Amino acid sequence: GPEGGQQAAPPPAGAPATGPPSASQPAGVEVAGRTVPGEHLLMPAASHLAKSKGIDVTALAGSGRGGRITKGDVLQALARGTAFPALAPAAPAQVAAGAALPAPAAPAQAIAASPAVSSSVPPPPLAVAGLPPTTEAPGEDVKASTMRKVIAKRLTQSKAGVPHYFVSAECELDAILEFRKRLAKEQGVKVSVNDLIIKSASLALRDVPEMNASFNPSTGLAELNETVDVSVAVATPGGLITPIVTNADKRGLSDITATVRELAGRAREGKLQPHEFQGGTFSVSNLGMFGVAEFSAVVNPPQAVIMAVGGGVRQVLPALKNQPNSEGGEGGKAPPGVRVATVMTARVSCDRRVGDEALAGLFLQSFKNYMAAPERLLL
C-alpha cells in the first residue's frame with residue numbers, strides 16, 4: 001500500500017485493487033498469499049509480454065508458486081479487459097511518493113532517469129535469472145577435476161566456434177552380428193561390435209578422404225590428413241578421454257581389438273601418454289552399451305568429424321527381394337512381406353568449413369556398405 005500515510009490514486013477501471021503497482025519496485029505491491037521475492041515476481045515470459053505492451057502487471061495475483069505471475073495470468077487479465085497502468089521509467093522513490101502516476105518525462109529526463117532504475121534494481125545473476133530461490137535441501141558441491149575442466153573448456157569453444165551440422169543414417173547390424181559369431185567359432189577371434197565399427201569407419205574414410213580432414217584456423221583451409229587415426233571415446237572416472245588407434249584402415253581386426261582393449265585399460269588407470277590421446281583425425285563415440293538409441297556428439301577440434309553411435313534396435317522392415325521372410329519374435333517367422341532386423345543409428349557431427357551434407361552422406365553410405373558386408377573388412 002502507499003507509504004508515509006499518503007493517499008493512493010484510485011486504480012483505473014477494471015484494474016486489480018491491490019494498491020498502486022510499481023514497475024521499478026514490484027516488491028512494494030502487497031498481494032495476499034504472495035511469498036516470492038520482488039525480483040522473481042514475474043516469470044520470464046510474463047515479463048517480456050508486459051514490457052512489450054508497456055504495462056505494469058505487478059499488482060496481479062499470480063497463479064504460480066509463491067504468487068509468481070505467469071504469462072497466462074497476464075493474457076487472461078487482458079482478455080477480461082483489465083486496464084493496467086503504464087510502465088514508469090522513474091526510480092522507486094519517485095514512483096512510491098506520488099499520489100498518481102507522473103506524466104511521461106521528456107526525452108532528456110527519461111534518459112537521465114534510466115541509470116537510476118538500472119542501478120537501483122540490479123538484474124539477478126545469470127545462473128538464477130527468472131528462477132525462485134533455491135531450497136534449503138541438503139546437497140554437496142563436487143569440485144570438477146582438471147580433466148573435466150579442460151573437456152568443458154574445449155567443447156564450449158567447439159560448440160561456440162565450430163559451425164556444426166549433423167547427418168544420420170540407419171545401419172543394419174545382423175550381418176555384423178553373424179560375422180562376429182563366425183569369427184569366434186571358426187577362427188577363435190573375438191571382436192566387439194565397436195571394433196567392427198572402427199574398422200568400417202576407417203575404410204569409409206579411405207574411400208571419402210575429404211572427411212578425414214582438419215580445419216586450420218591460421219590459414220582458414222581444410223587440410224586432408226595422410227593417415228587415418230581414429231580416436232575412440234572412453235569413459236573414465238575423471239571424464240571422457242579419446243585414445244587413438246593409429247593407421248586404423250591398415251590394421252587387422254585382431255590388431256584393432258587388442259589395441260583398443262590395451263588403450264582403454266590404461267586410459268581408465270590414467271596411464272596414457274599425451275601422444276596416445278592428443279591428435280587423431282576422426283572420432284567415434286559409442287553409447288550403445290548404455291542402452292542409448294541415438295545421440296549427437298560435439299566436434300573435437302582440430303578434427304572436423306565425430307561419429308556418434310547408438311545401440312541396436314529391433315525393427316520391422318520391408319522384406320528383401322531375395323529374402324521374403326526372416327526370423328522374428330520368439331524364433332518364429334515374420335509375416336509375409338516384412339522382416340525383423342537389428343538397426344543401429346550412426347550420426348556424424350561435422351565442421352561445415354571442411355565439408356557439407358552431401359559429403360557426409362557419401363561417407364555414411366560407404367560406412368553402411370562395409371557394415372552390411374563385413375567380409376570386406378578382411379580384404
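The values are calculated or read from the model by the stated rules, or taken from the named source; none is laboratory data. As the structure is a computational prediction, the values presented were derived from the model and not from experiment. Cβ sites come from the backbone with ideal geometry, for glycine too, and all protein chains shown count toward neighbours. Accessible surface areas use protein heavy atoms only, side chains included; no ligands, DNA or RNA. Shrake-Rupley method; radii C 1.70, N 1.55, O 1.52, S 1.80 Å.
So that you can scan it fast, the table gives a plain yes or no per residue for (1) of a type outside the set (Val, Ile, Thr); (2) open to solvent by less than 40 Å² (accessible area, probe 1.4 Å):
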site	(1), (2)
Asp207	yes, no
Leu221	yes, no
Thr227	no, no
Val230	no, yes
Val234	no, yes
Gly238	yes, yes
Asn247	yes, no
request  = Being at negative phi and either small (Gly, Ala, Ser) or touching a Pro at 6+ places or on another chain (Cβ under 9 Å) (or both) is the filter; apply it to the stretch 70-81 and report the residue that is surrounded by the fewest Cβ atoms within 10 Å (Cβ to Cβ).
outcome  = Ala79
task = Could you check Gln315 against (1) part of a strand (DSSP E or B); (2) closer than 26 Å to Leu379 by Cα; (3) at pLDDT below 95 and say which number it fails?
result = (2)
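Of the residues that sit in the stretch 135-174 and are of a type in the set (Lys, Arg) and assigned to a helix (DSSP H, G or I), which one is most open to solvent (accessible area, probe 1.4 Å)?
Keep residues of the stretch 135-174 that are of a type in the set (Lys, Arg), which gives 143, 148-149, 153-154, 159.
With the extra rule that they be assigned to a helix (DSSP H, G or I), the set shrinks to 148-149, 153-154, 159.
On the way: Arg148: 118, Lys149: 112, Lys153: 133, Arg154: 104, Lys159: 112 Å².
So, considering only residues that are of a type in the set (Lys, Arg) and assigned to a helix (DSSP H, G or I), the one most open to solvent (accessible area, probe 1.4 Å) is Lys153.
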key: Matching strands (runs of 3 or more DSSP E) fully within the stretch 193-288 where at least 2 residues are farther than 19 Å from Met371 by Cα and more than 26 Å from the chain's Cα centre (by Cα)   = 221-224
note = Among the residues of the stretch 37-57, the number that are out of contact with any Gly (no Cβ under 8 Å at 6 or more places or on another chain), open to solvent by less than 20 Å² (accessible area, probe 1.4 Å) and in a loop (DSSP other than H, G, I, E, B) is 2
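If the requirement is being open to solvent by 60 Å² or more (accessible area, probe 1.4 Å) and modelled with pLDDT of 50 or more, which of these qualifies: Arg34, Arg65? Steps first, please.
Working: Arg34 fails: open to solvent by 60 Å² or more (accessible area, probe 1.4 Å).
Just one listed residue meets the conditions, Arg65.
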ask   = If Val298 passes every condition in (1) open to solvent by 20 Å² or more (accessible area, probe 1.4 Å); (2) outside any helix (DSSP H, G or I); (3) modelled with pLDDT of 95 or more; (4) farther than 24 Å from Ser145 by Cα but one, which one does it miss?
value = (4)
query = In the stretch 168-200, which residues are more than 15 Å from Val343 (Cβ to Cβ) and hydrophobic (A, V, I, L, M, F, W, C)?
reply = Phe179, Leu183, Ala184, Val189, Val191, Leu196, Ile198
query = Would you pick out the residues in the stretch 345-367 that are surrounded by fewer than 18 Cβ atoms within 10 Å (Cβ to Cβ), under 24 Å from Ala293 (Cβ atoms) and charged (D, E, K, R)?
reply = Glu357
ask   = Is it the case that Ser254 is among the polar types (S, T, N, Q) and at pLDDT below 95?
value = yes
key: Residue pairs meeting the criteria (Cβ under 9 Å; at least 6 apart or on separate chains; first among the hydrophobic types (A, V, I, L, M, F, W, C), in the stretch 131-145; second assigned to a loop (DSSP other than H, G, I, E, B) and modelled with pLDDT under 85)   = Leu131/Pro124
